Every structure is written in structure tokens, then in C-alpha cells.
Amino acid sequence: MASPAIGAEAPRGEIPVTCTNIASGANWQIRIDYDKGTVDSNPARISDAQISWHDASDGGNYTLDRKSEKLTAIVASSTGGYFVYHRCKLEN
């Protein structure tokens, strides 16, 4: 985990984050555990700029930009795969 900016507190513990599909408006929730370095119990790379993880249950690779709060999901499939874009509300 990267060091926080001087004077800023790094998030701690498990935090629920609500994400919205930009196209459909459907909401769903992820759980980021900053202490364990996981998202929904999947190992994650957490830096000041982004959080990224792979979810073996759906085969998706996810990247959450912490500044813009944009979440990109890249899912492989037999037809070549697809991208899905979401907006997540991170609490500061």
C-alpha cells in the first residue's frame, strides 16, 4: 500500500462502497478492506491513485480510479470480452 499524502489519514478497515452502472443506473456494492488489501475478499493492489483487483467468480479485472471515482471492469468472454463502466462513491 502506498503512503498517504502528508497530513492525510489513510483509510482503515473495511469500507462498503456503492457503485452505479453508468449506462443502466443499476447500483451494487463492493467492500474494500484497506487493512487486508482486498476488495470483496479478492486480493487487491491499493495505491493513492487507484485500487485494482481480479474477481475469479466472474473473471473480471477491475480498476477504480480514486480521484475520479470511475470503476472500469474488463471481462473476458468467448466473443472477445467487454468493458463496463461504473461510478463509485468513495467517502473521503
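Readers should treat all values here as calculations from the given coordinates under stated rules, not as data from a laboratory. Keep in mind that what you see is a predicted model, and the values were worked out from it rather than measured. Positions of Cβ are backbone-derived with ideal geometry, glycine not excepted, and every protein chain shown enters the neighbour counts.
Just to confirm a number: summing +1 for Lys and Arg and -1 for Asp and Glu over residues other than Ile51 whose beta-carbon lies under 15 angstrom from that of Ile51, what do you get? Charge balance near Ile51 sits at 0. A cut-off under 13 angstrom between Cβ atoms defines the neighbours of Asp40, and their net charge, with Lys, Arg +1 and Asp, Glu -1, is -2. Roughly how far apart, in whole Å, are the Cα centres of the stretch 31-60 and the stretch 69-86? One Cα centre to the other: 16 Å.
Under a 10 Å cutoff between Cα atoms, tell me which one of Tyr34, Tyr62, Tyr82 has the largest fluctuation in the Gaussian network model of the chain. Answer for the Gaussian network model of the chain: Tyr82. In percent, rounded to a whole number, the relative contact order of the chain is 22, using alpha-carbon pairs under 8 Å and six or more apart.
Springs between Cα atoms under 10 Å define the GNM used for the chain, and in it the highest mean-square fluctuation of Thr79, Thr63, Thr38 occurs at Thr79. Largest mean-square fluctuation among Ala49, Ala73, Ala23, in a Gaussian network model of the chain whose springs join Cα atoms under 10 Å apart, belongs to Ala23. Approximating the spin labels as points 7 Å out from Cα along Cα→Cβ, the Val84-to-Ser47 distance works out to 2.6 nm. Summing charges over neighbours of Pro16, with a neighbour being any other residue whose Cβ is under 11 Å away from its Cβ, gives -2 when K and R count +1 and D and E count -1.
Test of understanding: extend the Cα→C-beta vector of Asp55 to 7 Å, then name every residue of the stretch 69-92 with backbone N under 18 Å from that spot. In the stretch 69-92, the label zone of Asp55 (backbone N under 18 Å from the point 7 Å along Cα→Cβ) covers 69-78, 81-90.
What percent does the relative contact order of the stretch 37-84 come to when contacts are Cα pairs within less than 8 Å and at least six residues apart?
Values: 79 pairs, mean separation 10.6, N = 48.
With pairs under 8 Å counted, the relative contact order is 22 percent.
Full extension of the segment from Trp28 to Ile15, taken as 0.36 nm per residue of separation minus the current Cα-Cα distance, would add 3.3 nm. Which aspartates and glutamates have a Cα lying under 18 Å from the Cα of Lys36, excluding residues fewer than 8 positions away in the same chain? Result set, ordered by chain and number: Glu9, Glu14, Asp48, Asp55.
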